[in-house]
Structure formats: C-alpha cells, structure tokens
1. Which one of A:Asn295, A:Thr104, A:Pro147 is farthest out on the positive end of the charge dipole of chain A, using unit charges on Cβ (Lys, Arg +1; Asp, Glu -1) and the Cα centre as origin?
2. Straight distance only, please: which lysines reach the Cα of A:Lys116 with their own Cα at less than 18 Å, same-chain residues fewer than 8 apart left out?
3. Among residues other than A:Ala319 whose Cβ falls under 13 Å from its Cβ, what is the net charge (Lys/Arg +1, Asp/Glu -1)?
4. Based on the Cβ-Cβ distance from A:His415 to A:Ser146, what FRET efficiency comes out when R0 is 41 Å, to the nearest 0.05?
5. Let me check the size of region A:229-339 from its C-alpha atoms; what are the radius of gyration and Dmax in Å?
6. FRET efficiency for B:Gln210 and A:Val173, Cβ-Cβ distance as r, R0 = 25 Å, nearest 0.05?
7. Quick check on region A:222-432: what are the equivalent-ellipsoid semi-axes from the Cα gyration tensor, as sqrt(5λ), descending, whole Å?
8. Let's test the formula: R0 of 30 Å, r as the Cβ-Cβ distance of A:Lys6 and A:Ala425. What FRET efficiency results, to the nearest 0.05?
Amino acid sequence: MYTEQKELTQTPLLKIWVPGMGSSLGQRRGSSRPQFTNCPTMIVMVGLPARGKTYISKKLTRYLNWIGVPTQGEACASNALKDIANYFTKEQGQVAVFDATNTTRERRGVIISFAKERGYKVFFIESVCDDPEIIEANIMQVKLSSPDYENYNKEAALVDFLKRIDCYKMSYVPLDEEKDRHLAFIKIFNVGSRYLVNRVQDHIQSRIVYYLMNIHVTPRSIYLSRHGESELNLLGRIGGDSGLSSQGQKYAKALAEFIRGQAIKNLKVWTSHMKRTIQTAEALGVPYEQWKALNEIDAGVCEEMMYEEIQATHPEEFALRDQDKYRYRYPKGESYEDLVHRLEPVIMELERQENVLVICHQAVMRCLLAYFLDKSADDLPHLKCPLHTVLKLTPLAYGCKVESFYLNIQAVNTHRDRPTNVNIARKTEEALQTVPEHL
Amino acid sequence: MLFTPYGVVIDSTPAVCGKNIIVKHCFFYELLFFFFFLTVCMTNCPTLIVTVGLPARGKTYISKKLTRYLNWIDVPTKEFNVGQYRRECVKIYKSFEFFRPDNEEGLKIRKQCALAALNDVRQFLTDEGGQVAVFDATNTTRERRETIIRFAEQNGFKVFFVESVCEDPDVIAENIVQVKLGSPDYTHCNTEEAVADFMKRIKCYENSYQPLDEELDRDLSFIKIIDVGRRYLVNRVQDHIQSRIVYYLMNIHITPRSIYLCRHGESDLNIKGRIGGDSGLSARGKEFAKALSQFIQSQNIRDLKVWTSQMKRTIQTAEALGVPYEQWKALNEIDAGVCEELMYEEIQQRYPQEFALRDQDKYRYRYPKGESYEDLVQRLEPVIMELERQENVLVICHQAVMRCLLAYFLDKTAEELPYLKCTLHTVLKLTPMAYGCKVESVCLNVDAVNTHRDRPSVRLTNTHPLSMSVSLVVKKPPRLLSLKGKCASPEPPLSQVLGSLMI
C-alpha cells in the first residue's frame with residue numbers, strides 16, 4: 001500500500017536517513033544493519049577431543065563479533081543450553097557457539113529439539129581428524145597446559161589424554177551424509193584438506209562456511225605497521241593524501257632493515273592506495289600489493305582539518321564523535337563501523353595468507369588489531385597504534401601473541417584520548433583537552 | 001594480468017609463470033627455476049577449471065555463470081564448450097548413436113574436439129593474457145581427466161574440477177526442456193523425439209561414468225555439487241581464486257525468481273544537472289515513488305526484499321512502498337570526489353584534463369578523491385553475492401551502481417558498462433532464463449530529466465607521455481611492478497597523459 005511520505009531526517013550519529021524525527025533504529029521500517037539472519041542461530045561443535053573444536057569456536061566467535069554479529073561461545077556441557085536461551089532472549093545475541101564433543105546422535109537430538117521448540121536455527125561444525133601427528137601437536141599446544149595436567153610430566157599427560165580420547169571413540173557417531181541429510185552442517189577433514197557442506201540455510205551460515213574454509217593452522221606471523229610520519233601528521237591534520245616527512249622517510253628505511261633482519265619466509269607486503277603507505281613500502285625494495293580497502297577512514301567534510309578546526313567549525317560533530325567513536329560517521333565520510341565492513345575482505349585474505357606485512361593507517365590498523373586481539377567495538381577506536389612501531393602478531397594456542405617493535409625514529413603522537421567531557425554543550429578547552437601536540 | 005584479491009590489479013608481464021619465465025633467465029638457473037616452479041606454484045598461475053558430470057547436470061549453466069562472474073570481478077576468463085567444437089566438426093547431428101561407447105568413429109571425433117579445445121585453452125591462458133579457462137565437457141572418465149591433468153602440468157596451469165551430480169528426475173527433465181530442446185542438435189525434432197533421444201544420450205555415458213572420489217581423487221582440487229547445491233564436497237582448495245569460486249558456487253541457486261532494478265526517483269540535483277550529492281526527491285520523483293509502489297503491488301511478488309543505498313533519494317523512494325527495506329552503504333552512488341555536486345559544464349571548466357581522461361577510459365578513471373567504476377564493481381561484489389543467494393529482490397539504487405549491476409547480469413564488458421542506459425523512472429525486471437537473463441523494461445510514465453551522457457564521438461588517443469605533477473601520480477598509483485620490486489612502467493598509465501587534451 002502506498003503511504004504518504006514523511007519527511008526524512010538524518011540521524012546525527014550514524015548519518016542514516018530516517019522518516020520522522022529520528023526514532024530508534026529498531027522501530028523503523030528501514031534498517032541499516034545488514035540482515036545476517038532473521039532468527040538466532042546455534043552453532044554446535046562436534047568431534048573427539050583434540051580435534052580443534054575450541055580453536056574453531058573461539059576463532060569463529062571472534063570473527064562474528066568483529067563483523068557485527070553478536071556471538072557468544074559456550075564451553076561447558078550441562079547448563080549451557082539454558083544459558084544459550086538466556087543469551088538470545090535477554091541479551092539480544094544472534095549466534096551462540098556450543099562447544100562440546102556432542103559426539104552421540106542422542107546428544108545432538110536433544111540440542112535439535114531444544115532449538116526447534118524455541119525457533120532457533122542449528123548449524124553443526126564437525127572436525128574429523130585421523131592424522132596422529134596433528135592430534136599430538138594439538139595436545140601439546142593446548143591440553144598440557146590445562147589445569148587437569150598440572151601435576152603431570154609431558155609424556156604422562158600425553159598418554160593420559162590419548163586414553164581420554166579413547167573413551168569417547170567407542171560411542172562416537174560422526175555426522176552422516178545419509179542419516180543426517182536433513183541437518184545443516186559442515187564436516188572439516190584433517191584441518192581443512194576436505195570439507196563436506198550440507199544444507200546451508202542462510203546468509204550467516206554461508207559466511208561461516210566461507211570463513212572456516214579460509215582459515216588454516218600453518219605457523220606464520222602478521223606484521224602491522226602504519227606508514228611513516230607524513231607531512232600532514234606533522235601539522236596535526238587528519239586524513240588527506242600527503243607524502244612522508246623526513247622522519248617518515250627515515251622510518252621507511254628502518255622498516256626495510258627491520259624486515260630484512262626478521263628473515264621472513266615468502267613475505268607478502270600490502271599497502272593502501274595512499275601515497276604515504278606506498279612511499280613506505282617502496283623503501284623495502286620488494287613487490288607489494290595495493291588495496292583500496294586499506295585506505296584511511298574518510299573524514300568527509302573534516303578531511304585535512306586540525307582537531308582545533310573541527311571543534312571550531314563542527315563542535316556538535318566533534319562531541320558526538322567522542323560520545324560513540326565506533327559508530328560515529330563523519331558528514332560525507334565514514335565511521336569505524338563502516339571501516340570494519342570494508343576491511344572484511346582484507347581479514348579474509350589475511351586468514352588465507354601466511355607471512356604478511358600490512359602497511360596501513362591509524363584507524364585501519366585499530367580495526368585489524370581489534371580483530372586479532374578480540375577487542376570490543378567500544379575499545380577498538382581507542383587502541384594505541386603509534387607511528388614508527390611495528391606490531392608482530394603470531395597465532396598461539398587459542399589467541400595471538402603480540403610483540404611491539406619501536407624502530408627508534410622520532411615521530412609525532414597522533415593518538416587522541418577520549419576527553420572527560422563529551423557533552424555537546426562543553427567548552428572548547430574541554431573538547432581539546434586531549435589533542436596531541438603538533439606544529 | 002595478475003589476479004590479486006580486491007586490490008589494484010598489478011599488471012606484471014604475463015611471463016611471471018610458465019614457460020616464459022624460464023626463457024628470461026640464463027640457462028645456468030633455468031633448471032633450478034624449473035624445479036622451483038614445479039614445487040611452488042604461485043597464486044598467479046592460470047587456472048583451468050574442468051567440469052565433470054553426465055549430460056543435463058548443469059555443467060554449461062555453471063560454466064557460463066562462473067565465467068560471467070569472474071570477468072565481472074576483473075579476472076579474464078573464457079569458457080570452452082567441447083560440445084560446440086563437436087557441432088563444428090560434425091555439421092549435422094543425427095541421433096544419440098553418435099555418443100554410443102562402441103562408436104569408434106564418434107569416439108575419435110570427440111577426442112579430437114577435446115584436444116582442439118584444450119589447444120585453444122592453452123592459447124588463451126598462455127598467449128592471450130587469460131587468467132582462468134573453463135573447460136566445459138562431461139569429462140566423466142578418470143582417463144579423460146588424467147589427460148587434462150597432464151596437459152595442465154605441461155603448461156603450468158592449476159586444475160580445479162567442478163562436478164555436478166544430480167539424480168533428481170524433475171531437475172534433469174527441466175534442464176532438458178530449458179536448454180537442450182533449443183539446441184542446434186534438435187532443430188529438426190519435435191519435443192518428445194528430442195527428449196527421448198537425449199535420455200538415450202545420457203545413458204551412453206552412464207556406464208563409463210567414474211565420479212570424483214574422496215579417496216581415489218584425494219590429491220585433486222575439486223568441488224562436487226550434489227543435487228543442485230543441497231550438499232557440497234570440497235577438496236584441497238589451493239589458492240584465493242579457487243576459494244572465491246567455491247564461495248560463489250555455494251551461493252548460487254536455480255530457484256525461479258526475478259530481480260528488479262531501478263534508480264531512485266528524480267532528485268532535486270538531477271533537475272539542476274548536478275552529479276552526486278545527497279538531495280531529496282523532486283515532485284516528479286515523488287510521483288515515481290508512488291507509481292513504483294503501484295507497479296510493485298500489481299506484480300504480486302512473493303516475499304519481495306527491498307534494498308536501497310544510504311542516500312536520501314533511494315530511501316525516500318523506498319519509503320513510499322510501505323514495506324520493510326534494507327539500506328546498503330555499498331549501494332551508494334559513485335563518489336565523484338572533488339566533482340561532487342558539480343554540473344558537467346563546471347567540471348569541464350574547472351578540471352578539463354580530468355573530464356577528458358574520464359571520456360578516454362570511463363571504466364578505470366577515478367575522480368580526484370573519489371572513485372572509479374572499477375572501484376564500484378569491487379564494492380558491489382558482496383551485493384551481487386547476496387543477490388545470488390536471495391530470491392525476489394527490488395534494488396533501488398543509482399545510475400553508475402545500476403550500470404555495474406546490470407553489466408553483471410547481462411555480461412557486459414568493462415568497455416560497455418559505463419555507457420549502459422539506465423534511465424530514471426524505469427524499472428528493469430531481470431529473470432534468469434536458460435543460460436542468460438531475460439530483461440523486461442518497464443517505464444512508469446512519469447517524466448524525468450535525462451542523466452545519460454553518451455560516449456563522445458571524438459576520442460583523443462594517447463600521445464607521448466608528458467611529465468606529470470606529483471599529485472596526479474598519487475591518484476593513480478603505480479600499476480606495474482616487476483619481480484624485483486621497483487616500479488617499472490614500460491607503458492605509462494592513462495593518467496600520465498596530460499596537456500592539451502581538451503574536448
């Protein structure tokens with residue numbers, strides 16, 4: 001039915017056009033949140049111990065949260081189903097990962113009934129592995145340090161754990177192509193050499209499958225760094241597309257030396273399309289790939305302004321940004337939320353790759369770092385990513401080891417902390433309280 | 001042309017892999033490099049996709065669709081249908097007897113055709129800058145597949161098999177009706193005769209069919225598509241392009257549906273002849289929104305999803321429909337950077353070189369501090385992927401965006417894309433049909449300005465490169481990188497050609 005058109009207004013924070021006077025997002029007809037799924041989804045892990053179920057759960061949970069799908073992992077067995085119901089109804093979660101062996105058809109049946117009663121979708125992820133080397137490596141990496149084995153030596157612990165696995169083997173009924181053909185699932189064989197995918201139901205399951213098919217466990221390191229100090233950095237101006245300052249050029253050379261010193265096998269180097277990252281990469285003397293997706297956040301009308309100028313010309317915008325830095329979108333520009341969306345293909349390719357050096361920008365680096373270190377949307381925009389510092393990320397057990405290398409080349413500080421007063425009516429000094437020094 | 005994921009396509013000389021690179025090195029290292037190459041196949045190796053399956057299992061449908069998708073995302077791809085080669089060799093198709101396994105003459109001809117096709121594949125991938133070739137044939141025996149694998153190894157191509165397995169008689173019957181009956185093979189038959197003959201043709205293959213096997217073929221890279229996507233078996237995905245291919249194949253479906261594309265209603269800036277911006281609908285634009293609502297209702301579309309961009313004019317248009325809609329930032333109009341909200345006349349006045357450059361290569365030209373059509377395609381890829389997953393969808397978007405989407409569905413080249421006609425107040429209804437897409441254009445009879453700018457008739461060709469200012473170099477980053485890493489540009493990118501190029 002045709003409805004008389006109401007006037008549209010743009011919400012001040014997200015810059016989304018809404019009918020009427022900016023009612024809350026949930027009530028409007030139009031939604032700017034991507035529709036990943038229209039009902040809560042339970043992801044159920046299946047597999048013998050030491051098959052990587054927890055590794056996959058945690059990684060998947062981290063990825064889904066990063067792309068904006070509220071997800072929670074559940075690692076315990078008995079009361080977990082109740083917690084999941086709670087998470088979906090009271091906490092507005094969208095995906096719950098149920099991480100347990102779930103090795104019998106009976107057990108899975110219980111979960112399926114539970115989900116059916118409440119209208120949840122179920123997607124099974126089974127990890128099957130018969131390579132004894134992989135299993136042993138898993139046990140060494142994550143089981144031996146468990147509290148269960150505090151008093152054991154390595155060999156004894158290994159033996160004990162293998163016997164523990166045997167206990168499950170007797171009753172283990174893997175997902176079956178025929179008998180379970182009505183279920184939605186992915187079976188992962190031998191850490192990804194083969195996959196069996198059955199009945200993917202919707203968008204989020206499709207994304208999950210794509211993600212699982214791109215991750216690997218080959219040891220490698222990811223190096224994150226910003227471009228060298230730029231001319232605009234020196235002037236305290238944001239955005240733009242300026243070249244490196246003389247200090248920035250020194251950094252590029254130091255970075256080249258550092259990288260050579262690391263003796264990295266088959267290193268890929270990625271930059272953005274902006275002059276300052278490309279100039280930095282050029283100093284390395286190796287092939288590099290340019291990604292437009294790695295460009296710095298677009299500050300729209302505030303491009304190339306100093307914080308003082310933004311405060312002078314757009315004081316309300318400046319305050320709104322401090323109120324919700326993650327969701328705030330610059331007029332005619334982007335938000336951190338938009339950035340994450342545009343960086344998703346970069347993350348996917350980083351997962352596929354092995355050793356990579358990413359030369360990017362402050363906001364971009366914060367987003368990438370938040371993905372690897374599982375930082376929330378609230379923390380993300382405030383992560384410290386100073387100039388002339390390389391972060392080396394190495395996946396380890398269920399997380400990521402971070403090593404920070406400051407290459408000893410002086411640079412300005414571009415980090416602006418959240419000021420105490422974020423009220424729109426605040427005074428100029430309060431707004432500029434945390435602006436870093438510049439020329 | 002090197003395929004690089006989501007980035008500027010780095011043009012390296014095609015000699016990065018394969019025989020050519022050996023030629024460029026002195027003999028002393030030749031052998032070393034040869035063995036190095038055998039063990040480490042770089043992601044920039046051409047890929048040979050090989051279909052596998054009985055007749056009427058959707059192999060050609062998949063081949064054509066995949067080819068269209070890969071070309072759209074800028075991976076030079078071509079399909080080679082062996083059936084086509086057979087039709088050229090054996091001018092008149094008599095009956096299924098040609099395909100009988102004991103027909104020596106038939107077998108000989110079919111093998112010849114396969115080899116001829118492989119030869120063309122080699123030419124495309126090695127000499128013509130192709131990145132992916134789709135070898136579309138039944139390839140139902142392990143022996144035939146072995147031949148292809150050897151061929152690929154000799155030429156330094158990666159192989160990825162795509163097998164379609166289907167036992168649902170309804171699906172098979174529908175396939176035959178949709179695509180086989182119209183084939184040149186059956187122009188002289190009536191429907192029953194054609195169907196009967198084709199079923200017998202399938203029988204000829206059934207006895208010798210050796211499907212890809214989890215165990216026996218565990219070292220091959222392949223995807224087995226079972227029952228039109230109900231189930232997939234994916235084995236040994238080697239690299240990025242194969243990963244993208246698998247993702248694409250797992251998202252497409254054949255459920256009948258229609259996609260409606262239209263622009264927002266006429267906007268205030270449209271009337272003023274200004275590009276970009278974020279203005280609201282004019283009075284006539286609002287009329288269109290009303291008419292669109294009536295049109296959509298009259299179409300009686302089941303479970304229609306409505307998508308808009310995040311710009312005021314598309315949202316206003318959608319609001320008139322009175323149904324839920326989803327806003328995609330990715331559907332926003334092309335960012336014209338410094339030219340936002342200018343009239344073409346003003347652009348000509350203030351940025352004459354830019355204006356000229358744009359006409360020279362409208363697809364790749366990027367507005368200063370803005371985007372190019374090439375950038376648009378990249379940002380629209382997730383939209384296309386989701387459109388493939390969905391069923392009935394109405395997309396209310398913008399001129400450049402609609403051109404990109406249309407080019408995907410109608411398989412238009414990068415050359416044609418920026419000049420596709422997408423007029424205001426007209427809805428395009430796209431319905432997948434056989435191997436392509438049926439297009440119905442519905443003009444909703446509400447007047448609007450014309451915003452289409454044709455390709456100018458006089459196009460100035462490149463002259464010698466002139467020196468350029470630093471800022472322009474920055475806008476068009478170096479595209480050619482040699483293996484040694486220094487930026488080596490034997491041929492200057494378009495942006496470097498400046499000076500007296502005025503329209």
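1. A:Thr104
2. Cα-Cα hits under 18 Å: A:Lys82.
3. In short, 0.
4. 0.60
5. Rg then Dmax for region A:229-339, in Å: 16.5, 50.
6. Details: r = 30 Å, r/R0 = 1.21.
It comes to 0.25.
7. Ellipsoid half-lengths, sorted descending, are 29, 19, 15 Å.
8. Working: r = 29 Å, r/R0 = 0.98.
Taking R0 as 30 Å, the efficiency between A:Lys6 and A:Ala425 is 0.55.
Values in this text are rule-based calculations from the coordinates and carry no lab data. Remember, it's a predicted structure, so these values are computed and weren't measured experimentally. Neighbour counts are summed over all protein chains in view; Cβ atoms, including those assigned to glycine, are modelled from backbone coordinates with ideal geometry.
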